[in-house]
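The values are calculated or read from the model by the stated rules, or taken from the named source; none is laboratory data. Just so it is clear, the model here is predicted, and its values are computed rather than measured. For neighbour counting, all protein chains shown are included, and Cβ atoms are generated from backbone atoms with ideal geometry for every residue, glycine included.
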């Protein structure tokens, strides 16, 4: 599955061994601001032309910048015409709730774009996901897919999955598996950050990889 991402999210595990550079601190804080919607410390969003300072007063820029990244990646990918956008379910995504974290993130990211009309809250958890969803995902993708439910008629629909921060990618594959079981065509995915453990991946930029069936990137 083709996966676009905006930032190399230099993980805390990696940081314990090698200090983050300024650019990777910016990427780290940017991804957390996109994920949570909260301000923790000033950072810069790096574009091709400039570095944009984000402070508490304009923290909404983070999610809007991610929204623009999603819009551009879908527009440039010719085979991704008019897809529905489905957020990967966050740990609080249950059918009984009116809003959940990953839905709110994507709603705010796309609020000023035409793609806001393509956003669909299709995937939910039947039961609370195991603590540390990404860790559980590494162990058993099938088990995670089995406790997801699809609450939208997706048969025959083209779908792009949207996530905040991807580590192993197995949770994304579980979400794809659940949607495909309902008859959807999952074209690919877009994430804000991709967890890295070295400085080979850029802190900011248009980046991509292929996510294979084992949940590893290549």
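Residues in the stretch 122-136 that are assigned to a loop (DSSP other than H, G, I, E, B) and touching a strand residue (DSSP E or B) at 6+ places or on another chain (Cβ under 7 Å) were compared, and the one that is modelled with the highest pLDDT is 122. Within the stretch 25-38, the set of residues being out of contact with any strand residue (DSSP E or B) (no Cβ under 8 Å at 6 or more places or on another chain) and over 16 Å from residue 12 (Cα atoms) comprises 36, 37, 38. If you go through the stretch 144-185 and keep only what is assigned to a strand (DSSP E or B), more than 13 Å from the chain's Cα centre (by Cα) and surrounded by 23 or more Cβ atoms within 10 Å (Cβ to Cβ), you end up with 148, 159. Would you check if residue 188 is modelled with pLDDT of 95 or more and part of a strand (DSSP E or B)? When the stated conditions are applied, residue 188 passes them. Condition check for residue 83 on (1) surrounded by 19 or more Cβ atoms within 10 Å (Cβ to Cβ); (2) at pLDDT below 95: one failure, at (2).
The listed residues are 19, 75, 13, and the only one of them that is free of Cβ contacts under 8 Å to residues at least 12 places away in the same chain and either within 30 Å of residue 177 (Cβ to Cβ) or surrounded by 12 or more Cβ atoms within 10 Å (Cβ to Cβ) (or both) turns out to be 75.
Residue-wise test of (1) at pLDDT 95 or above; (2) surrounded by fewer than 17 Cβ atoms within 10 Å (Cβ to Cβ); (3) over 23 Å from residue 201 (Cβ atoms).
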residue	(1), (2), (3)
7	yes, no, no
26	yes, no, no
31	yes, no, no
36	yes, yes, no
53	yes, yes, yes
67	yes, no, no
119	yes, no, yes
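Of the residues examined, residue 41 is one that is surrounded by fewer than 16 Cβ atoms within 10 Å (Cβ to Cβ) and without any contact (Cβ under 8 Å) to a residue 24 or more places away in the chain.
Answer with yes or no whether residue 182 is touching a strand residue (DSSP E or B) at 6+ places or on another chain (Cβ under 9 Å) and closer than 25 Å to residue 69 by Cα. It is false that residue 182 is touching a strand residue (DSSP E or B) at 6+ places or on another chain (Cβ under 9 Å) and closer than 25 Å to residue 69 by Cα.
Looking across the stretch 60-90 at every residue that is in a loop (DSSP other than H, G, I, E, B) and touching a helix residue (DSSP H, G or I) at 6+ places or on another chain (Cβ under 6 Å), the one that is farthest from residue 209 (Cα to Cα) is identified as 90.
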